[in-house]
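The values are calculated or read from the model by the stated rules, or taken from the named source; none is laboratory data. If you're wondering where the values come from, they're calculated on a predicted model, not measured in any experiment. Neighbour counts run over all protein chains shown; Cβ positions are idealised from the backbone, glycine included.
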Amino acid sequence: MALKGNLRDFSTTQLLNLINLARKTGTLSIQTESESAQMSFREGKLIYAYMGNDNGKNHLAQILQTSGKLSPEQAQVIQSHAEGKSDKEIGHLLVTARRVTQNDIIQSVRQNVLDTVYKLFTWGEGVFRFDANRMPNSGYITIPIDLESVIMEGSRRLKEWEILQEELPDLDVALRFTDRPDARLRNINLTVEEWRVVSFVNPRNSIRQIAKANNLSDFEIRRIVYGMLQAGLVEFVNQPKPAPEKTESPARRKAPPEPSPAAKRSVVVRLIDRIRGL
Amino acid sequence: MQAVKMVITGPFSAGKTQFIGSVSEIDVVSTERKISSMAEQVKESTTVAMDFGRITVGDDLVLYLFGTPGQRRFDFMWDILSQGMLGFVVMVDSTKPETFREAKRILETFESYASTPYVVAANKQDMEDAWEPEDLRIILRLKPEVKILPCVATDKESVKNALLELLYSILDQLDQENGDKS
Ligand SMILES: Nc1nc2c(ncn2[C@@H]2O[C@H](COP(=O)(O)OP(=O)(O)OP(=O)(O)O)[C@@H](O)[C@H]2O)c(=O)[nH]1
Ligand SMILES: [Mg+2]
């Protein structure tokens, strides 16, 4: 089924949050007027990303050149011999020939994927669609990357005050960790400021209090909390908001007393019977 | 004569009027207006105060379905409509991601009015662009005990199912409260 829309209405951060929590497998394509990109996921982990229209050809030589592991000349020579070979085959040849190490390849491919995805966080507009089960060309080198850290980094790049304001209108709510915070936190690179916020997360502290204690502006605290929410590290503590002040309206005063639970139950059972028979 | 009520809420054009119309025994008493603003010109008319449907259960019991207006500028009606409700349905147009944030806000507002159970209807599941109910569960950050139901408001059986699931949740809550007391 479809997962389609425009980044204007549903942002990259929200998409990654959904893919992460739903442990989705497939490829997300984004198309703007001038650019396009694809990201692939396996069980909620990012495994591949590509800027431009993926033509299925190899691009390892280019990636290694960008990361400085190959000189432009070396990359060109390799590319001229690589026609029809997959990235995996090229990687294998390069490692066997001791041109680069396996670790060089992994780090370079990983960085390339991350650079691509971080660029996407700055796209405010673009049509997206997610194709479940469509996977990148099997010749590509894919490396599973946890989306939690990607989301945190993406939210650090957020500049739009309005989005944060809409996502987090109320600073007087408290936060708590979702399950297994230790395991999750260990895998994420947090800044010093973010760690300070983490250390204050507690159902007794409102977001506003955490900001005050750490001398963070509304914008800064919103951005950090937004990142942690989208990364699934924390959640709001559901404390029912105090109901809006209700004036004793005449209608209200006349309202009959609450029926007994047994009476209420029998009403509900009758409603069920009636609606079943509709 | 005892009257009970359920509220059908959700963003603009989610399908609230349609939902009530599919099960109501009277023509929906609607306060629809032709739409003037261009931005909202996706359909001819919109609900401005409320919709009103009825299901008679017996000589002594009747169920009223109230639909809220979807547009923000009529939200002063929400509080009034929600008073004394048995439960509520939050309708979402599953094909319109631009309305999901608004749906969440409406859901939270109604939650704050009353602790009555509610269900979320992922409406328009007959359309190709519909997002999956389980994806909507994540996006709306629903609590695990809140049901999200695939819905096609034009289909009576689908609407019956949503109302029944809401009633089962209400029954569960009543039984739980009783269990706590004994
Ligand atoms: N395909 C499809 N269309 C639907 C469904 N439910 C409602 N619609 C259509 O969606 C449009 C909006 O439905 P309404 O019932 O007017 O929505 P509403 O929530 O009452 O809208 P407002 O009162 O303006 O907020 C109408 O054209 C309906 O016919 C559905 O399940 N499937
Ligand atoms: Mg309506």
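Among the conditions (1) outside any helix (DSSP H, G or I); (2) closer than 30 Å to A:N17 by Cα; (3) touching a residue at least 24 places away in the same chain (Cβ under 8 Å), the only one that A:R99 does not satisfy is (2). Among the residues of segment A:46-59, those identified as more than 11 Å from A:V113 (Cβ to Cβ) and touching a residue at least 12 places away in the same chain (Cβ under 8 Å) are A:G52, A:N53, A:D54, A:G56, A:N58, A:H59.
Of the residues making up segment B:87-121, those that are under 23 Å from A:L271 (Cβ atoms) and more than 16 Å from ligand 2 (Cβ to nearest atom) are B:G87, B:L107, B:F110, B:E111, B:Y113, B:A114, B:S115, B:T116, B:P117, B:Y118, B:V119, B:V120. Where strands (runs of 3 or more DSSP E) fall entirely within segment A:1-72, those with at least 1 residues that are under 20 Å from A:Q107 (Cα atoms) and assigned by TED's automatic domain parsing to the domain that holds A:T116 are at A:36-42, A:45-51. Looking at segment B:139-160, is at least one residue in a helix (DSSP H, G or I), more than 8 Å from every other protein chain (Cβ to nearest Cβ) and under 18 Å from B:Y64 (Cα atoms)? Checked segment B:139-160: at least one residue is in a helix (DSSP H, G or I), more than 8 Å from every other protein chain (Cβ to nearest Cβ) and under 18 Å from B:Y64 (Cα atoms).
Of the residues contained in segment B:124-143, one or more are found to be in contact with a Cys (Cβ under 7 Å, 6 or more places away or on another chain), within 11 Å of ligand 1 (Cβ to nearest atom) and at pLDDT 95 or above.
This table checks each residue for (1) in contact with a helix residue (DSSP H, G or I) (Cβ under 9 Å, 6 or more places away or on another chain); (2) under 30 Å from B:E128 (Cβ atoms).
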| residue | (1), (2) |
| --- | --- |
| A:T32 | no, yes |
| A:S36 | no, yes |
| A:I47 | yes, yes |
| A:Y50 | yes, yes |
| A:T66 | yes, no |
| A:L70 | yes, no |
| A:A75 | yes, no |
| A:D104 | yes, no |
| A:F128 | yes, yes |
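Listed by position, the strands (runs of 3 or more DSSP E) enclosed by segment B:57-127 that each have at least 1 residues that are closer than 25 Å to B:D172 by Cα, touching a helix residue (DSSP H, G or I) at 6+ places or on another chain (Cβ under 8 Å) and at the interface with chain A (Cβ under 8 Å from one of its Cβ atoms) are B:61-67.
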